[in-house]
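In what follows, a single structure is set out as structure tokens and then discussed.
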Amino acid sequence: MSSSWRAANSLSREERVAVLNLCDRVELALGREAIDEGRRRVVVHGGVAQHWLHGEDTLDGYAHVTTAQNPSVEQCGGGFDATLLTRLLEDYPVIDWWIRGDQHVVGGATLRTLQFMRAPLPVPVIAPPPGATLRNFEPGVDDDAWIAQNNAAFADHPEQGAWTHADLAARLREPWCDPSGFLLLEWRGRLVASCWTKVHELYAERLGEIYVISVHPDFRHLHLGRVMVTQGLATLRRRGVNTAVLFVDHSNEPARRLYDSLGFRVEREDRLVRFTRQDRRA
């Protein structure tokens with residue numbers, strides 16, 4: 001791309017429509033989300049972020065920059081633009097950039113690697129332990145308990161461990177949210193595990209995703225993760241989904257072994273790469 005990037009702290013209605021249209025075109029070409037779901041939601045609802053737009057008469061590039069202490073960037077399509085990085089490093093000493101797939105990038109240090117995995121359905125379904133109750137999430141009833149259980153399970157996770165009531169409410173309002181795909185496991189008087197699934201209805205292949213899967217740390221090593229994943233996959237199959245997908249941190253070996261045993265195979269690896277102002281000048 002050329003250097004004609006311009007920044008905006010908020011998007012006009014016309015710019016929001018243009019960004020969403022660009023994302024739709026890229027998603028159609030890639031067969032997957034063009035940009036992280038949370039970042040797309042910021043565009044739809046006008047949340048706080050720094051938006052970078054590329055193109056004069058027609059928008060042909062978009063990048064979303066968070067406003068955190070170490071800003072993170074994702075470009076529509078998951079790509080990388082060295083010119084934009086140079087512009088960003090003029091304002092920030094450190095930039096973390098999500099790069100989707102095998103794109104070659106010079107410089108930077110990889111902080112995290114996410115594996116995008118895929119498996120055919122159905123898979124064998126594991127029953128809950130005796131005395132446990134498997135049921136659907138009830139909005140307005142289970143909010144507090146689910147947030148506490150999920151955040152305890154992801155206490156050390158950079159993203160999943162800080163859900164708020166506002167985060168949950170926003171996702172429950174999304175068109176894709178179907179309560180039949182949001183499962184809770186109660187056992188010994190507590191909410192101990194959950195699995196939330198998502199169907200990508202607009203994709204030709206109609207993929208089903210394990211959106212959030214978590215087990216309370218007090219109940220680990222009891223194979224509840226396998227129970228919840230297989231039960232979640234069963235809800236996807238009942239909705240006519242033939243292929244399931246999920247993201248898992250490369251460093252999470254127990255989860256990777258579980259998914260591998262259920263037939264999931266790595267389709268792509270996404271990297272969070274850190275660039276510093278000093279590295280760019282070197």
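Each reported figure results from applying straightforward, stated rules to the coordinates on display, with no laboratory input. Computed from a prediction, not measured in an experiment: that's the story for all the values here. All Cβ positions, even for glycine, are placed from backbone atoms using ideal geometry, and neighbour counts span all protein chains on display.
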Non-local amide H neighbours of residue 211 (under 5 Å, H modeled in plane, Pro and chain starts lacking H): which ones? 196, 197, 198
The chain: relative contact order in percent, alpha carbon pairs under 8 Å with at least 6 residues between: 24 percent
By count of other Cβ within 10 Å, fewest leading, how are 51, 64, 250, 165 ordered? 165, 250, 51, 64
Taking θ = phi - 60°, what integer Hz values does the Karplus form 6.51 cos²θ - 1.76 cosθ + 1.60 yield along region 191-196, in sequence order, with x for Gly and Pro? 7, 10, 7, 8, 8, 10
Phi-based couplings in Hz for region 165-180 (Karplus 6.51, -1.76, 1.60; Gly and Pro marked x): 4, 5, 4, 5, 4, 4, 6, 5, 8, 5, x, 6, 5, 10, x, 5
Hey, what's the per residue convex hull volume over the C-alpha atoms of region 118-269, in cubic angstrom? 115 Å³
Could you run the Karplus curve 6.51 cos²θ - 1.76 cosθ + 1.60 with θ = phi - 60° over region 138-150 and give me ³J(HN,Hα) per residue in whole Hz, x for Gly and Pro? 10, x, x, 10, 9, 4, 4, 5, 5, 4, 5, 5, 5
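Over the Cα atoms of region 5-106, Rg to Rh with Kirkwood Rh, two decimal places?
Expressed as Rg/Rh, it is 0.93.
Once you have a ≥ b ≥ c as the square roots of the Cα gyration tensor eigenvalues for the chain, tell me rounded if a/c is under 1.5, and otherwise prolate or oblate according to whether a/b is larger than b/c.
Details: a/c = 1.87, a/b = 1.76, b/c = 1.07.
Verdict is prolate for the chain.
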Rounded to the nearest 10 degrees, the helix 224-238 long axis (Cα) sits at an angle to the longest Cα principal axis of the chain of 80 degrees
Amide H contacts of residue 77 (H built 1.01 Å from N, under 5 Å, at least 5 apart or other chain): 35
Over region 5-106, what is the relative contact order in percent, taking alpha-carbon pairs closer than 8 angstrom and at least six residues apart? 25 percent
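Out of every Cα-Cα pair in region 223-282, what percent are more than 19 Å apart? Walk me through the numbers before you get to the answer.
Numbers: 824 of 1770 pairs.
Result: 47 percent of Cα pairs exceed 19 Å.
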